[in-house]
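The values are calculated or read from the model by the stated rules, or taken from the named source; none is laboratory data. From a predicted model like this one, the values you see are computed outputs, not experimental measurements. No Cβ is skipped: glycine too gets one built from the backbone with ideal geometry, and neighbour counts run over all protein chains shown.
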Amino acid sequence: MKIRVERDGLADAVAWVARSLPSRPPVPVLGGVLLDAGSGAGDTDEPLTISAFDYEVSATVGVPATVADGGRALVSGRLLADITKSLPNHPVEISVDGARMSITCGNARFSLPTMPVEDYPQLPAMPQVVGELAGEVFSEAVGQVAVAAGKDDTLPMLTGVRLELAADKLTLVATDRFRLAMREFAWQPSAEVSETAVLVPARTLADAARTLGASGTKVELSLASGDGLLGLSGAGRRTTSRLLDAEFPKYRQLLPSEHSATAVVEVAPLVEAIKRVSLVAERGTQVRLEFNESTLRLSAGGDDEGSAEEELPVEFTGEPVVIAFNPGYLLDGLGAVRANRAHVSFTTPSRPALIKPADEEGNVVEGYLYLLMPVRLPG
């Protein structure tokens, strides 16, 4: 193999593909990235394809290149990523001779050992396209929801994002039992879509959404639920992920159907106040919020470890409410509404509160909600 490629395009492609590599690959070849030049096996429009696959997640990107001699080569992905991002701003020449890969860029030269290509697993084919969505909207929606996904791998049903497909909308949901986030948005199904739901690893979906969600990009959603595979593609990049084979909690019954009090708050001042007050909350245990007709009083801590309090103006309707939350979870929810104002509704201090974005008049903007369990107030 002998190719010439621009440094920036190569570095971006290798960095994106290497993100999906396992930190501790069970066998060395699964820590490699595959460079395929001119063989057509990569199935992209570009002459050079760079790929990674660990049986769970695959990532493939096409890169413009001048191919003198075609071929395939497998090298350590993390090492190649480190090298390509540090190269000077000159065209890169890559050649493979026997079991060594040579990389030349300006005055810099590297020689890397290759791994046996024949031991590398075959990349999965992209499933059937089921629809298309705006990359920017998709990226924002996944970011808003994945924040509530669990990180405990012993509870796999909580580490995923539930993706519900319907003819008129997509619904994304995630929960770790302490909070729940849900986002609904319109999309363009490719044909008549039967209503279905799948569970996608949250970390994988969030990584893909961030890189595919550039402004103006269209993202194709592919699904083979029978084979347990989801695919996403856009802007010359493609990724697939194994679906989680787990039962997601029946979450809709958790959503309050009515409320006894509501508050409309300015997000930025509240976020800053929570950060200040929670400095004295022991291990971030809780911040106490007291709502009345026109004031929100935040407090944390006690006599032993120090205490703090702060007051903010608020638009409040209903009977006064005293409730406490984990400050980190509350900050996550306020950040995820992606609005200047938030609408918060309550039932009782022991029941979940619901946070939604609000417009400048204080009206709820439908499409996103963040449900947060309160922390028990000290007796």
Quiz prompt | Candidates Ser233, Ser299, Ser225, Ser294 - the one that is hydroxyl-bearing (Ser, Thr, Tyr), out of contact with any strand residue (DSSP E or B) (no Cβ under 6 Å at 6 or more places or on another chain) and on the phi < 0 side of the Ramachandran plot | solution = Ser294
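Residues checked against (1) of a type in the set (A, V, I, L, M, F, W, C); (2) over 28 Å from the mean Cα position of the chain (by Cα); (3) crowded, with 18+ Cβ neighbours inside 10 Å:
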{"site": "Ala11", "(1), (2), (3)": "yes, no, yes"}
{"site": "Val17", "(1), (2), (3)": "yes, no, yes"}
{"site": "Ser20", "(1), (2), (3)": "no, no, yes"}
{"site": "Val27", "(1), (2), (3)": "yes, no, no"}
{"site": "Val33", "(1), (2), (3)": "yes, no, yes"}
{"site": "Glu46", "(1), (2), (3)": "no, no, no"}
{"site": "Tyr55", "(1), (2), (3)": "no, no, no"}
{"site": "Ala59", "(1), (2), (3)": "yes, no, yes"}
{"site": "Ala65", "(1), (2), (3)": "yes, yes, yes"}
Quiz prompt | Checklist (1) buried (at least 20 other Cβ atoms within 10 Å of the Cβ); (2) farther than 30 Å from Leu330 by Cβ; (3) more than 20 Å from the chain's Cα centre (by Cα) applied to Asp168, failing item | solution = (1)
Quiz item: Going through segment 127-169 one residue at a time, which ones are among the hydrophobic types (A, V, I, L, M, F, W, C), in contact with a helix residue (DSSP H, G or I) (Cβ under 6 Å, 6 or more places away or on another chain) and free of Cβ contacts under 8 Å to residues at least 60 places away in the same chain?
Solution: Ala149, Val161
Exercise. Mind listing whichever residues of segment 216-263 are closer than 18 Å to Arg351 by Cα and aliphatic (A, V, I, L, M)?
Key: Leu254, Leu255, Ala261, Ala263
Quiz item: Among the residues of segment 73-125, which ones are at pLDDT 95 or above, closer than 22 Å to Ser20 by Cβ and small (Gly, Ala, Ser)?
Solution: Ala73, Ser76, Gly77, Ala81, Ser86
Exercise. Might you let me know whether segment 136-144 holds any residue that is within 22 Å of Leu30 (Cβ to Cβ) and at pLDDT below 95?
Key: no
Practice problem: List the number of the failed condition for Ala108; all other conditions in (1) under 18 Å from Gly9 (Cβ atoms); (2) in contact with a Gly (Cβ under 9 Å, 6 or more places away or on another chain) hold. | Solution: (2)
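Okay, residues lined up against (1) under 20 Å from Pro327 (Cβ atoms); (2) under 25 Å from the mean Cα position of the chain (by Cα):
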position: Ala246; (1), (2): no, yes
position: Lys250; (1), (2): no, yes
position: Leu255; (1), (2): no, yes
position: Ala261; (1), (2): no, no
position: Val277; (1), (2): yes, no
position: Val280; (1), (2): yes, no
position: Thr285; (1), (2): yes, no
position: Phe291; (1), (2): yes, no
Quiz prompt | Single match in Ala209, Ala235 (criterion: under 22 Å from Arg338 (Cβ atoms) and at pLDDT below 95) | solution = Ala209
